[in-house]
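Novice: I'd like to ask some things about the structure below.
The values are calculated or read from the model by the stated rules, or taken from the named source; none is laboratory data. Because the structure is predicted, anything quoted here is derived from the model rather than measured. Using ideal geometry, Cβ is built from the backbone for each residue, glycine included, and neighbour counts are taken over all protein chains shown. To get the accessible areas, we keep the full protein, side chains included, count just its heavy atoms, and leave off ligands, DNA and RNA. Shrake-Rupley method; radii C 1.70, N 1.55, O 1.52, S 1.80 Å.
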Amino acid sequence: MIKHLAVFLGSRDGNDPALGQRAYEIGKGLAEREIELVYGAGGGGLMGRISQGAIDGNGKVFGVIPRFMVDREWGRIEGAPGMQTVVVDTMHERKAIMAERADAFLALPGGIGTLEELFEVWTWQTLSLHGKPVGVLNINGFWDPLVDMMERIASAGFLHGSPAESLVVGEDLDDVLARLDAAR
């Protein structure tokens with residue numbers, strides 16, 4: 001059973017207000033399932049919303065944030081019940097601690113930081129540096145262009161097999177969590 005889920009997602013809300021509501025609901029859903037949210041400790045955007053959902057659902061939240069982000073007041077570091085925050089020196093340390101703690105990885109909508117985190121753990125998986133499953137929650141088809149591009153990359157011979165073999169893609173949290181758990 002997945003007990004610690006690293007979630008990569010936007011530090012902004014984006015243009016679709018439904019994404020913020022969905023992030024909040026996912027945070028609450030993780031709390032209801034007693035799955036600890038492991039994330040980058042951001043206080044704004046979708047990051048803030050998912051963590052608030054988990055906190056409001058009496059769940060556990062483990063955030064890792066670099067000191068420069070704390071200095072810029074970008075983090076959620078207050079002592080909310082169930083919240084543990086680790087402050088580190090670098091982005092590399094942040095990602096390493098998140099990767100070590102997580103049982104699986106899930107990306108929600110976000111920007112280039114989200115993409116970078118997703119691709120790093122997915123690359124590590126394909127190189128057998130870890131055996132943890134990686135997925136995307138495809139809210140409103142957000143990840144469709146990425147999945148199409150990855151299929152194109154595989155068809156061109158730059159990716160072994162199909163992305164469907166190594167990346168869980170789904171729209172429903174229960175479905176994605178079940179498939180991530182089965183992939184463990």
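Novice: With the calculation restricted to Cα positions, what are the radius of gyration and Dmax of the chain in angstrom?
Specialist: 15.5, 49
Novice: Another question about this same structure. Please work out the Cα center distance from region 114-184 to region 60-88, rounded to the nearest Å.
Specialist: So the separation of the two Cα centres works out to 27 Å.
Novice: Follow-up. Taking only the alpha-carbon atoms of region 1-47, what semi-axes of the equivalent ellipsoid follow from 5 times the gyration tensor eigenvalues under a square root, in whole Å, largest first?
Specialist: On the way: eigenvalues 79, 29, 10 Å².
The three semi-axes for region 1-47 are 20, 12, 7 Å.
Novice: Here is a follow-up. Which of ALA54, ALA18, ALA31 ends up with the largest GNM mean-square fluctuation for the chain, with Cα atoms connected below 10 Å?
Specialist: So, out of ALA54, ALA18, ALA31, the one fluctuating most is ALA18.
Novice: Considering only protein heavy atoms, what per residue accessible area in square angstrom results for the chain with a 1.4 angstrom probe?
Specialist: Working: 9210 Å² over 184 residues.
Heavy-atom accessible area per residue stands at 50 Å².
Novice: Out of region 36-138, which GluC sites (Glu not before Pro) are coil in DSSP terms and have no more than 10 other C-beta atoms within 10 Å?
Specialist: On the way: sites: GLU36, GLU73, GLU78, GLU93, GLU100, GLU116, GLU117, GLU120; in loops: GLU73, GLU78.
Answer in residue order: GLU73, GLU78.
Novice: Taking amide hydrogens as modeled 1.01 Å from N in the peptide plane, which residues meet the under 5 Å criterion relative to GLY43, leaving out close sequence neighbours?
Specialist: For GLY43, whose amide H was placed from the backbone, the distant partners under 5 Å are GLY75, ARG76.
Novice: When the Cα atoms of region 33-92 are enclosed in a convex hull and the volume is divided per residue, what value in Å³ results? Mind showing how you got there, number by number?
Specialist: Numbers: hull volume 4.4 nm³, N = 60.
For region 33-92, the hull spanned by Cα atoms encloses 73 Å³ per residue.
Novice: Let me ask another. With a 1.4 Å probe and every protein chain kept in, tell me what percent of the accessible surface of the chain is carbon plus sulfur.
Specialist: Working: 4780 of 9210 Å².
After summing per-atom areas, the C and S share lands at 52 percent.
Novice: Using only the Cα atoms of region 101-184, what semi-axes does the equivalent ellipsoid have when each is the square root of 5 times a gyration tensor eigenvalue? Give whole Å, largest first. Present the calculation step by step, with values, prior to reporting the outcome.
Specialist: Numbers: eigenvalues 62, 52, 33 Å².
Largest first, region 101-184 gives 18, 16, 13 Å.
Novice: Search the structure for amide H atoms under 5 Å from the amide H of VAL88, placed 1.01 Å from N in the peptide plane, and list their residues when 5 or more places away or on another chain.
Specialist: ILE65, ARG67
Novice: Whole-Hz Karplus ³J(HN,Hα) for region 110-124, in order, using 6.51 cos²θ - 1.76 cosθ + 1.60 and θ = phi - 60°, x for Gly and Pro?
Specialist: For region 110-124, the Karplus-derived couplings read x, x, 5, x, 4, 4, 4, 5, 4, 5, 5, 5, 5, 4, 4 Hz, x marking Gly and Pro.
Novice: Moving on. Scan around ASP103 for amide H atoms under 5 Å from its own, H built in the peptide plane at 1.01 Å from N, and keep only partners 5 or more places away or cross-chain.
Specialist: Residues meeting the criterion, in which the H sits 1.01 Å from N, are LYS3, HIS4, LEU5, ALA6.
Novice: Report the Rg/Rh value for region 1-109, based on alpha-carbon coordinates and the Kirkwood definition of Rh.
Specialist: Taking Rh as the inverse mean 1/r over Cα pairs, Rg/Rh reads 0.94.
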